[in-house]
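Below: one structure, written as structure tokens.
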Amino acid sequence: MGILIAGIDEAGYGPLLGPLAVGTALLRVEGWSPGERAPNLWSLLSKAVSPTLKGASGRIVIADSKTLKLSNSGTRNPLTHLERGVLAVLASAGDVPATDMALLERLATRFPPHACYAGEALAVPMSCGGAEIAIAANVLRGAMEAGGVRLLGLGCRLIGEEEFNALVRDGHGKGATTIAAIRTHVRRLVATLPKYPDDAVRVVCDRLGGRAAYSDVIESCMGESELESLEILEESEARSRYRTVVGGREIGFVFQTESESAYMPVALASMVAKLCRELAMNRFNRHWCASLPELTPTAGYWQDARRWLKDVGKGLSADDRRRLVRIA
């Protein structure tokens, strides 16, 4: 018997430009018994994985993505730790995608449909060599085998600006965007459960702002699956926990503040989301800087996005402005 742990986290909820990315990581741990605490995957994989940059000593760092992106002014590529971590995890269970488009396809998503995200595929990794990824993946594979840990999948949901705005309007608020992505990930998880009939299942998400109640979110995630019961175990300032039964299977849900520091699958999901958003912004800036070479690239966050919108001026048509600028 084992346990399936799915982590879900977002990157890019706050910016004015660029997509929202919501990542997921699903791992299985063998030998878990009911009643035990969820296994600490950082401990199980400590020979290959570190939860912090400090003291990593060559190990893969899997941590909150906000702590991993390097400064653009440094000598190393800002995506170094994000790429090394995500690609090594993928390589531990298969081949490394050779381009950004292939990577997104592997993560069951795609770039937004606007022309600024189109164009020639970009090679990955951008920050390190394939040999480095392969070595890290081999070490990780050994640690996972020793610890009884198996990667069942990484995924992402990229929500482009037009879809983001439509969800805000139709869902009566900004939170509807992240909930739509959580729904996608949970429904995919539920579809995989028949393959693991004896395993416990736990879904862990970062809290959505200051929200404490998530029963309606869980109910919306089930789609055509039968939600037989939903029990509220806790709804506190820091954490909300639920026990559900779906199609005869018990699924536990946890929505917790700073869950990236408590659950490795959430930290890994955070890295997947951040990497996908950064790859999208690379394309965004490539497109607009090709048209206006003097334009300084943007990360899309509010202050710099306003600077970028001022600089691009009439180079951005009214239609493009409507399609690319978020309303919330």
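How about region 148-203: which of its residues are more than 20 Å from GLY12 (Cβ to Cβ), small (Gly, Ala, Ser) and free of Cβ contacts under 8 Å to residues at least 40 places away in the same chain?
ALA191
Show the residue pairs that are 6+ apart or on different chains and have beta-carbon atoms under 8 Å apart, the first residue being within region 92-119 and over 23 Å from VAL325 (Cα atoms), the second being among the small types (Gly, Ala, Ser) and surrounded by 18 or more Cβ atoms within 10 Å (Cβ to Cβ).
Once the first residue is over 23 Å from VAL325 (Cα atoms) and sits in region 92-119, its partners that are among the small types (Gly, Ala, Ser) and surrounded by 18 or more Cβ atoms within 10 Å (Cβ to Cβ) give SER92/ALA137; VAL96/ALA137; LEU107/GLY23; LEU107/GLY155; ALA108/GLY155.
Can you tell me which of (1) at pLDDT 95 or above; (2) more than 14 Å from the chain's Cα centre (by Cα); (3) of a type outside the set (Val, Ile, Thr) is the one GLU228 doesn't meet?
(1)
Output yes when any residue across region 166-182 is under 15 Å from ILE5 (Cα atoms), part of a helix (DSSP H, G or I) and at pLDDT 95 or above, and no when none is.
From region 166-182, those under 15 Å from ILE5 (Cα atoms) are 182; that's our starting set.
Pick out the ones that are also part of a helix (DSSP H, G or I) and you get 182.
Subset that is at pLDDT 95 or above: 182.
The answer is yes; a qualifying residue exists.
Can you go through GLU105, GLU162 and tell me which one is within 27 Å of VAL312 (Cβ to Cβ) and modelled with pLDDT of 95 or more?
Just one listed residue meets the conditions, GLU162.
Tell me which residues, restricted to region 128-164, are in a helix (DSSP H, G or I), of a type in the set (A, V, I, L, M) and open to solvent by 20 Å² or more (accessible area, probe 1.4 Å). Explain how you work it out, then say what you get.
We begin by selecting, within region 128-164, every residue in a helix (DSSP H, G or I); these are 130-147, 161-164.
Now narrow it down to the ones that are of a type in the set (A, V, I, L, M): 131, 133-137, 139-140, 143-144, 146.
Across region 128-164, the qualifying residues are ALA131, ALA134, ILE135, VAL139, ALA146.
Collect the residues in region 199-225 that are assigned to a helix (DSSP H, G or I), open to solvent by 10 Å² or more (accessible area, probe 1.4 Å) and touching a helix residue (DSSP H, G or I) at 6+ places or on another chain (Cβ under 7 Å), keeping them in residue-number order. Give the derivation first.
Start the filter on region 199-225 by keeping residues that are assigned to a helix (DSSP H, G or I), which leaves 215-221.
Then keep just the ones that are open to solvent by 10 Å² or more (accessible area, probe 1.4 Å); that gives 215-216, 219-220.
Once the filter is applied, which keeps residues that are assigned to a helix (DSSP H, G or I), open to solvent by 10 Å² or more (accessible area, probe 1.4 Å) and touching a helix residue (DSSP H, G or I) at 6+ places or on another chain (Cβ under 7 Å), region 199-225 yields only SER220.
Listed residues MET144, MET126; which is in contact with a Leu (Cβ under 9 Å, 6 or more places away or on another chain) and farther than 30 Å from PRO39 by Cα? Give the steps one after another, and end with the answer.
Working: MET144 fails: farther than 30 Å from PRO39 by Cα.
Among MET144, MET126, only MET126 is in contact with a Leu (Cβ under 9 Å, 6 or more places away or on another chain) and farther than 30 Å from PRO39 by Cα.
From the set of residues in region 263-317 that are open to solvent by less than 60 Å² (accessible area, probe 1.4 Å) and among the aromatic types (Phe, Trp, Tyr), which is farthest from PRO19 (Cα to Cα)?
Per the criteria, the residue is TYR263.
May I ask you to list pairs of residues, at least six apart or on different chains, whose Cβ atoms are under 7 Å apart, with the first in region 61-82 being under 18 Å from THR298 (Cβ atoms) and surrounded by 22 or more Cβ atoms within 10 Å (Cβ to Cβ) and the second being modelled with pLDDT of 90 or more and acidic (Asp, Glu)?
Pairs that qualify, where the first residue is under 18 Å from THR298 (Cβ atoms) and surrounded by 22 or more Cβ atoms within 10 Å (Cβ to Cβ) and the partner is modelled with pLDDT of 90 or more and acidic (Asp, Glu), are LEU79/GLU278.
Output the residues belonging to region 17-40 that are touching a residue at least 60 places away in the same chain (Cβ under 8 Å), out of contact with any strand residue (DSSP E or B) (no Cβ under 8 Å at 6 or more places or on another chain) and open to solvent by 10 Å² or more (accessible area, probe 1.4 Å).
Selection gives ASN40 alone.
How many of the residues in region 248-262 are within 17 Å of the chain's Cα centre (by Cα), surrounded by 23 or more Cβ atoms within 10 Å (Cβ to Cβ) and over 17 Å from SER236 (Cα atoms)?
Qualifying residue count for the region: 1.
Out of everything in region 226-253 that is assigned to a loop (DSSP other than H, G, I, E, B) and not hydrophobic (A, V, I, L, M, F, W, C), what residue ends up being farthest from ILE3 (Cα to Cα)? Step through it out loud before you land on a result.
Here is the first cut: in region 226-253, the ones assigned to a loop (DSSP other than H, G, I, E, B) are 226, 236-238, 247-248.
With the extra rule that they be not hydrophobic (A, V, I, L, M, F, W, C), the set shrinks to 226, 236-237, 247-248.
Values: GLU226: 21, SER236: 25, GLU237: 27, GLY247: 17, GLY248: 16 Å.
Going through the qualifying residues, I end up with GLU237.
The values are calculated or read from the model by the stated rules, or taken from the named source; none is laboratory data. Everything numeric here is computed off the predicted structure, so don't read it as measured data. Don't worry about glycine lacking a Cβ; one is built from the backbone with ideal geometry, like all the others, and counts go over all protein chains shown. Surface areas here come from the heavy atoms of the whole protein model, side chains and all, with no ligands, DNA or RNA. Shrake-Rupley method; radii C 1.70, N 1.55, O 1.52, S 1.80 Å.
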